[in-house]
Structure formats: structure tokens, C-alpha cells
Ligand SMILES: CC(C)(COP(=O)(O)OP(=O)(O)OC[C@H]1O[C@@H](n2cnc3c(N)ncnc32)[C@H](O)[C@@H]1OP(=O)(O)O)[C@@H](O)C(=O)NCCC(=O)NCCS
């Protein structure tokens with residue numbers, strides 16, 4: 001999958017637009033995003049929540065919110081998409097409304113493979129956010145040295161299956177059953193192919209992480 005990113009860049013994220021022209025901002029998730037994530041989840045339909053978590057879930061809950069936002073940004077990386085033109089769910093918050101999230105979770109004992117997931121709130125679905133996030137996950141994986149992204153999706157999730165089907169994802173039959181399908185997406189793009197501002201911001205994050213490690217080693 002060859003990526004064609006060439007976006008304006010700022011230190012707090014990347015501004016880009018969905019297929020319908022809606023301008024959005026994408027930035028890494030932070031520990032402060034719990035309330036917005038909670039609100040976005042509650043705005044999603046029961047059906048969308050079920051497609052994401054494979055179960056009927058009314059709320060994410062404290063421990064899941066913490067696990068989803070307080071992340072190491074190395075094995076576990078996540079991005080939020082914000083519509084700055086829509087009012088935030090959080091009173092006094094001026095950044096805009098959280099409309100989607102994508103994450104990639106690796107495991108130390110299975111280097112090279114990371115589990116990926118994404119969710120777009122209902123009013124922003126079928127406007128190109130899913131494809132944008134999938135490309136972002138692929139870019140992130142390429143830069144993080146992940147060789148394979150693994151997705152689990154319900155058989156009935158036509159949108160996700162269609163999205164994966166347009167890439168080089170193949171069904172992993174050994175890990176699939178009649179209701180939950182596992183897809184593997186090989187990451188063949190080299191870092192050189194992730195051009196433009198997206199590559200720059202990912203490099204910037206990687207450099208910051210190295211800086212933090214170096215600083216903590218100095219203690
Ligand atoms: C699945 C999901 C991530 C797709 O995101 P999205 O922003 O709606 O997708 P996009 O607008 O980028 O569409 C990508 C492609 O999928 C198709 N598509 C999206 N939703 C579809 C649906 N419900 N039925 C059929 N096709 C669909 C689009 O038409 C488009 O195809 P095209 O490129 O050939 O035109 C989103 O619907 C979602 O978050 N659903 C609820 C949670 C979920 O299912 N998460 C995935 C768990 S693994």
C-alpha cells in the first residue's frame with residue numbers, strides 16, 4: 001500500500017479533510033482524553049458499539065478508559081480525530097468534537113504483529129474517516145517496525161470487511177470462526193513511502209520518545 005500523504009503539520013497534530021471536505025485534526029491520544037472518549041462512545045449507536053466491541057456495552061468504564069488513554073505510545077499507539085467545527089462534548093473544551101479513534105497494540109512476546117482497531121462515530125461514518133485512519137495505522141506500523149496488522153471484525157460488519165478488502169488484508173482462517181473473522185494486513189510500505197507531514201510527525205514523535213528515554217537514563 002503506497003501512501004500519498006502531504007499534509008500541513010502543526011505540533012499538536014495534522015489537519016486534513018475527509019472525503020466530503022470536512023476539515024479534521026488528527027493527533028495522538030493523551031491521558032486527558034478520557035472524558036471526550038467516553039462522550040464519543042456514548043454518542044455511538046448501540047449497533048456501532050456492538051460492531052466495535054462484539055458485545056452490548058453501555059459505557060466504556062473507568063478501567064477501559066484508562067487503558068485506552070494512558071498508553072505508552074510505543075507498543076500501544078492511538079490517534080484521535082477531531083472536528084474543530086463541531087462543538088465539543090466537554091463543556092469549556094474548544095478543540096472540537098472527537099469523531100473517531102484508531103489504535104494499534106503490539107505485544108512484547110509477538111514482535112512484528114500489532115492488533116489494530118478503529119471506530120468512527122455514526123454521524124461521520126461513510127465519509128472517508130475509516131480509510132484515512134487505516135492509512136494512518138499502516139503508516140504508523142511501517143515506522144514502528146510492525147510487519148503485520150491484525151484486525152478482528154464481526155462477520156456481519158460489512159463496512160469494515162469492505163474497507164479491509166480494498167487493501168491487501170487476507171483472512172487468517174486459523175484464527176477466524178463463523179462470527180469473528182481475523183484479517184492480517186502485511187505492512188510492505190517502507191518508511192520512505194510515507195511521505196509528507198504524516199511521516200514528519202511520526203518521526204517527531206519517535207524522536208521525542210527517544211529523547212524521553214535518553215533523559216530518563218540520565219537520572
Ligand atoms: C467500519 C468503520 C470503521 C468504517 O469507517 P467509515 O469512516 O464509515 O469508512 P469510510 O467512509 O472510510 O469507507 C470506506 C469504504 O467502506 C465502505 N463502507 C463503509 N461503511 C459501510 C457499510 N456500512 N456498508 C457497506 N460499505 C461500507 C465505504 O463505502 C467505502 O468504500 P469505497 O471506498 O469503495 O467507497 C465505521 O463504520 C465504524 O466505526 N463502525 C463501527 C465500529 C466498527 O465497526 N469498528 C471496526 C471494528 S473492527
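Compute the relative contact order of region 78-123 as a whole-number percentage, counting only Cα pairs closer than 8 Å that sit 6 or more residues apart in sequence. Result for region 78-123 is 32 percent.
Put in line by how crowded their Cβ is, counting other Cβ atoms within 10 Å and starting with the fewest, 42, 173, 148 read 173, 42, 148.
When each of 143, 105 is scored by the number of other beta-carbon atoms lying within 10 Å, the sequence from fewest to most is 105, 143. When 177, 89, 109 are sorted by how many other C-beta atoms sit within 10 angstrom of their C-beta, beginning with the fewest, the order is 109, 177, 89. Of all DSSP bridge pairs formed entirely within region 83-167, close to 75 percent run antiparallel.
Computed from the coordinates by the stated procedures, all read-outs in this text should not be read as laboratory data. Here the structure is a predicted model, which is why all the values come from computation and not from measurement. Neighbour counts are summed over all protein chains in view; Cβ atoms, including those assigned to glycine, are modelled from backbone coordinates with ideal geometry.
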